[in-house]
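Quick notes on the structure that follows.
The values are calculated or read from the model by the stated rules, or taken from the named source; none is laboratory data. Note that the coordinates shown come from a computational prediction; the quantities given were computed from them, not determined experimentally. Heads up, the Cβs are rebuilt from the backbone with ideal geometry, glycines too, and the neighbour counts pull from every protein chain shown.
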Amino acid sequence: MCALALGRQGIPALVLEAEPALTHDLRAGSYHPATLDLMEPFGITQRMLEEGIRVRHWQIRDRVGELVAEFDLGLLAQDTRHPYRLHLEQHRLTPIQLALIRQETQAEVRFGCSVTGIEQRPDRVVVQFESKNGPQRLDAAWLIGADGGRSTVRKSLGIEFEGFTWPEQFLVVSTPHDFAQHGFTMNAYVADPAEWVALFKMPDAGPPGLWRIVFPTVENEDAVILAADNVERRMQNFVPRRVPYDVRYKSVYRVHQRVCTTFRAGRVLLAGDAAHINNPLGAFGLNSGLHDAINLAEKLGRVWRGEGDGGLLDLYARQRRAAAVEQAQSMSIRNKRQLEERDSGAQRARLRELMAIAADPVRAREYLLETSMISGLQQSFAVR
Ligand SMILES: Cc1cc2nc3c(=O)[nH]c(=O)nc-3n(C[C@H](O)[C@H](O)[C@H](O)COP(=O)(O)OP(=O)(O)OC[C@H]3O[C@@H](n4cnc5c(N)ncnc54)[C@H](O)[C@@H]3O)c2cc1C
């Protein structure tokens, strides 16, 4: 996203990507209205809409299967050009971006190049990397570390990644079984103190698509968590059926809540998971990374053209760190705690509150502006 947004301004950009090609793994896949609006001027959203699933309604349910609240993103019709969530696997977004980079910009993407270290100089950054030709170095005016949660760039700078790791892992299971027949909307959250569940309908290879189910899991060994009988037990406990589930994909991953202490050190900027990571409840991780990239490329473009100084980049760091801490972190932690609330009185009170919000169009719109990242994005731009 950074390379496309810089390249579209005519700024020479080079991406060093460690993998030999775009990856095809199960990660994020739910895009909020604010993100769809931001990506539209780059021609990305239009292409995503051809392949993705528009999800206008989402639900909160309780574990006995009762619907607690259903929210209609159509209430945001005056606030966004995209009043729905769009579900599309992350590995189907990246080919769209890469094609646009190659068609419309001079930016270059070099696969199989793994950054190993950096050195900051007053006028440039020296980047060391490994490729099939062995160790290499290059000089860059600026460097964006968008190299994921284990960021080599962040570690090279010695920037702390403050926060914590949840004790449980998340198990993700995909099946073609149609949960709409049980009353679920294509995005739904089921509250339960022992075993909350999140559902997302994903397009996969096209209709009928796959339902992706996320469970918390306390076991430590991935092999035990992913064993066929364990996965089947979790699915049957959730929605029993007479025949076994057809499981197409399953994965397990550890979940963290961390934000780096600064998004800028001299000529190096951090963005995306390299700068902040959170649990996926609410789908804020990839969305906020895309918000970082677009904010940063706009400011870096101005600095490049001599329209502003490094103060603009400090502003990027303040705006996007505030968004990470005050929105993505706080909302994703709140969402998880709400789903897993053990105090039944507190759980009932919170679910009643959500019911009241959903029933009142004014409050529901406010709630949707927040959970769709629209008001948060506006607040982040107000940070000075
Ligand atoms: C296993 C997993 C499952 C997830 N599931 C969900 C989910 O269900 N829902 C959700 O909302 N979010 C999920 N996320 C989070 C979401 O996928 C991330 O927020 C998003 O991928 C962040 O994008 P990014 O580009 O910042 O980082 P990444 O997608 O991690 O991309 C970083 C890139 O940098 C490359 N790289 C790393 N180190 C180097 C180096 N030294 N040199 C060169 N290149 C390097 C990597 O190969 C990678 O291509 C998941 C994340 C993971 C890891």
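In segment 139-152 there is at least one residue that is among the basic types (K, R), at pLDDT 95 or above, within 13 Å of the ligand (Cβ to nearest atom) and more than 22 Å from G7 (Cα to Cα). Scanning segment 85-107 for residues that are among the β-branched types (V, I, T) and assigned to a helix (DSSP H, G or I) yields T94, I96, I101. How about segment 63-77: which of its residues are surrounded by 15 or more Cβ atoms within 10 Å (Cβ to Cβ) and of a type in the set (D, E, K, R)? R63, E70, D72, listed by residue number.
When G206 is tested against (1) in contact with a helix residue (DSSP H, G or I) (Cβ under 6 Å, 6 or more places away or on another chain); (2) assigned to a loop (DSSP other than H, G, I, E, B), exactly one condition is not met: (1). Test of understanding: among D309, D314, which residue is more than 22 Å from H87 (Cα to Cα), of a type in the set (D, E) and in a helix (DSSP H, G or I)? Of D309, D314, the one residue that is more than 22 Å from H87 (Cα to Cα), of a type in the set (D, E) and in a helix (DSSP H, G or I) is D314. Do we find that T80 is surrounded by fewer than 22 Cβ atoms within 10 Å (Cβ to Cβ), touching a residue at least 24 places away in the same chain (Cβ under 8 Å), away from the ligand (no atom under 16 Å from the Cβ) and among the polar types (S, T, N, Q) in this structure? Judged against the criteria, T80 is a match.
Kindly indicate the residue of segment 102-123 that is closer than 19 Å to W304 by Cβ and within 16 Å of the ligand (Cβ to nearest atom) and also surrounded by the fewest Cβ atoms within 10 Å (Cβ to Cβ) among those meeting that condition.
Initially, segment 102-123 is screened for residues closer than 19 Å to W304 by Cβ, giving 104-108, 120-123.
With within 16 Å of the ligand (Cβ to nearest atom) added as a condition, the list becomes 107-108.
Details: A107: 21, E108: 14.
Applying the filter and picking the extreme gives E108.
Scanning segment 115-127 for residues that are of a type outside the set (V, I, T), in contact with a strand residue (DSSP E or B) (Cβ under 8 Å, 6 or more places away or on another chain) and more than 14 Å from R154 (Cα to Cα) returns a single hit, R124.
Answer yes if at least one residue in segment 331-341 is closer than 30 Å to Y84 by Cβ, crowded, with 22+ Cβ neighbours inside 10 Å, in contact with a Gly (Cβ under 6 Å, 6 or more places away or on another chain) and hydrophobic (A, V, I, L, M, F, W, C), and no otherwise. Break it down into steps so the answer makes sense when it comes.
The initial filter retains those residues of segment 331-341 that are closer than 30 Å to Y84 by Cβ, namely 331-341.
Then keep just the ones that are crowded, with 22+ Cβ neighbours inside 10 Å; that gives 332, 335-336, 339.
Narrowing the set further to residues that are in contact with a Gly (Cβ under 6 Å, 6 or more places away or on another chain) leaves 332, 335.
Filter again for hydrophobic (A, V, I, L, M, F, W, C), leaving none.
Among the residues of segment 331-341, not one is closer than 30 Å to Y84 by Cβ, crowded, with 22+ Cβ neighbours inside 10 Å, in contact with a Gly (Cβ under 6 Å, 6 or more places away or on another chain) and hydrophobic (A, V, I, L, M, F, W, C), which makes the answer no.
Which count do you get for residues in segment 49-84 that are assigned to a strand (DSSP E or B) and among the charged types (D, E, K, R)?
Let us first name the residues in segment 49-84 that are assigned to a strand (DSSP E or B), namely 53-55, 57-62, 67-72.
Next, only the ones that are among the charged types (D, E, K, R) stay: 54, 61-62, 70, 72.
Of the residues in segment 49-84, 5 are assigned to a strand (DSSP E or B) and among the charged types (D, E, K, R).
Scanning segment 233-256 for residues that are more than 16 Å from the ligand (Cβ to nearest atom) and part of a loop (DSSP other than H, G, I, E, B) returns V239, P240, R241, R242, V243, P244, Y245, D246, V247.
Among residues of segment 257-284 being touching a Phe, Trp or Tyr at 6+ places or on another chain (Cβ under 9 Å) and away from the ligand (no atom under 14 Å from the Cβ), the one that is farthest from N220 (Cα to Cα) is R267. It is to be established whether one or more residues within segment 285-294 are surrounded by fewer than 20 Cβ atoms within 10 Å (Cβ to Cβ), within 16 Å of the ligand (Cβ to nearest atom), closer than 27 Å to R212 by Cα and charged (D, E, K, R). No.
Report yes if A323 is in contact (Cβ under 8 Å) with a residue 12 or more places away in the chain and under 17 Å from G74 (Cβ atoms), otherwise no. The answer is no for A323.
Of everything in segment 3-49 that is near the ligand (Cβ under 9 Å from one of its atoms) and over 19 Å from P203 (Cβ atoms), the residue that is surrounded by the fewest Cβ atoms within 10 Å (Cβ to Cβ) is E19.
Please determine whether any residue of segment 153-166 is within 12 Å of the ligand (Cβ to nearest atom) and in contact with an Asp or Glu (Cβ under 6 Å, 6 or more places away or on another chain). Lay out the reasoning, then the answer.
Here is the first cut: in segment 153-166, the residues within 12 Å of the ligand (Cβ to nearest atom) are 153-156.
From the residues that got through so far, the ones that are in contact with an Asp or Glu (Cβ under 6 Å, 6 or more places away or on another chain) too are 153.
Scanning segment 153-166 turns up at least one residue that is within 12 Å of the ligand (Cβ to nearest atom) and in contact with an Asp or Glu (Cβ under 6 Å, 6 or more places away or on another chain).
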